[in-house]
1. Using DSSP, restrict attention to beta bridges with both residues in segment 135-282 and report what percent are antiparallel, rounded to the nearest 5.
2. So for the chain, considering every pair of alpha-carbon atoms, how many percent are separated by more than 26 Å?
3. If I take R0 = 30 Å and measure r between the Cβ atoms of residue 104 and residue 77 in this structure, what FRET efficiency does the formula 1/(1 + (r/R0)^6) give, to the nearest 0.05?
4. Starting from the Cα gyration tensor of segment 31-75, take the square roots of the eigenvalues, sort them a ≥ b ≥ c, and report rounded, prolate or oblate (rounded when a/c is under 1.5, otherwise prolate if a/b is larger than b/c, else oblate).
5. Using a Gaussian network for the chain with springs between C-alpha atoms less than 10 Å apart, which of these wobbles most: 247, 310, 127?
6. Tell me whether segment 54-166 comes out rounded, prolate or oblate; compute the Cα gyration tensor, take square roots of the eigenvalues as a ≥ b ≥ c, and use a/c under 1.5 as the rounded threshold.
7. Alpha carbon centre of segment 260-338 versus segment 51-109: separation in Å?
8. Once all Cα-Cα distances of segment 193-295 are split into 10 Å bins that start at 0, what whole-number percent is in each one?
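Derivation of every value follows stated rules applied to the coordinates shown; laboratory data play no part. Source: prediction; values computed, not measured. Every residue, glycine among them, receives a Cβ derived from its backbone with ideal geometry; neighbour counts consider all protein chains shown.
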Ligand SMILES: Cc1cc2nc3c(=O)[nH]c(=O)nc-3n(C[C@H](O)[C@H](O)[C@H](O)COP(=O)(O)OP(=O)(O)OC[C@H]3O[C@@H](n4cnc5c(N)ncnc54)[C@H](O)[C@@H]3O)c2cc1C
């Protein structure tokens, strides 16, 4: 392949301007590095605005700050989606980070001992690149959705904004995580609502004896248990449901619960527990897949997962930040991403490029 013509050079390029990209930006600015954050959307932290209107954080404001700037307001409240987006935009402004908006990166490749990053019709080069494109990227919908009839309104949770998106009549939410529970509860105020729970998550109370759950996780050190510890490994294998329980949803909000949704035929959905229901609308709160196919570097395993140690890959100068359980439970959370950001920033500062005579790394194809 011929080399791409490069229009700009920087010490470091950060791909993604959400909380992870901004947190590493803070440290790079402190180091006086020449860097740029490339963000696909027209504003930083766009992923938050794309979530449903009534979303409330499960972490209280006390645990939602990035390095160097407190999350404003009562630390014990649970901020809304828009408050988070506003805070992150204010954060980028406060430190005057170089964020280039409307700049979706379509390729990252090794070239001349560094990296070329392609954005639309331009290309940048840098010795080091931090990929901070988020743990929740490509909406995943199970295949049975294809057998749902055209008269049923169906959407992934990323497309759901409010109950107005769904017709009146019986609705089904598929997915027993925090997203599925919050959306089912909201829908239950205006419609007969059903929830399919494929795998039960461990319910944890939002507050215990007047304190936020994350106070306990912080005070006991559990939030910082790493994937290398036995308890960290156990925790990473089990998702948690915060502030809700199946029982509460059924009793208080009248939501009818089912097992995993296993087949669809027109408007009829069947479940693992041998129940079935006819619905007018479905919200698939069935999670995400990560897509790093645009990164051409030998840092993925056979299943496409990033092979790394705390975000540092074997490809010199290529890092990831903000992955789920990158290092701890806190890695993909607002209040703790700063720990990994500080670590990656140290590695960036300590980086010494290989001598020019050494061969560049092989690429993955
Ligand atoms: C429904 C939901 C509720 C959550 N609630 C909480 C909570 O209460 N508390 C908490 O701490 N965490 C919560 N999280 C987890 C986490 O804080 C968020 O997912 C957060 O958005 C992750 O930040 P990020 O910067 O890693 O990724 P993102 O916010 O996804 O940001 C990644 C950015 O990269 C950009 N991008 C992607 N691809 C490219 C590309 N190729 N080129 C350029 N830019 C690109 C995107 O436009 C985006 O702006 C929640 C997550 C979800 C899904």
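1. Details: 9 of 24 bridges.
Roughly 40 percent of the beta bridges in segment 135-282 run antiparallel, per DSSP.
2. Values: 36497 of 66430 pairs.
Of all Cα-Cα pairs in the chain, 55 percent lie more than 26 Å apart.
3. On the way: r = 34 Å, r/R0 = 1.14.
After rounding, the FRET efficiency stands at 0.30.
4. On the way: a/c = 3.55, a/b = 1.26, b/c = 2.81.
Cα axes put segment 31-75 in the oblate bin.
5. 247
6. Here segment 54-166 falls in the oblate category.
7. Value for the Cα centre distance between the two parts: 21 Å.
8. Result returned by the calculation: 12, 31, 29, 22, 6, 0.
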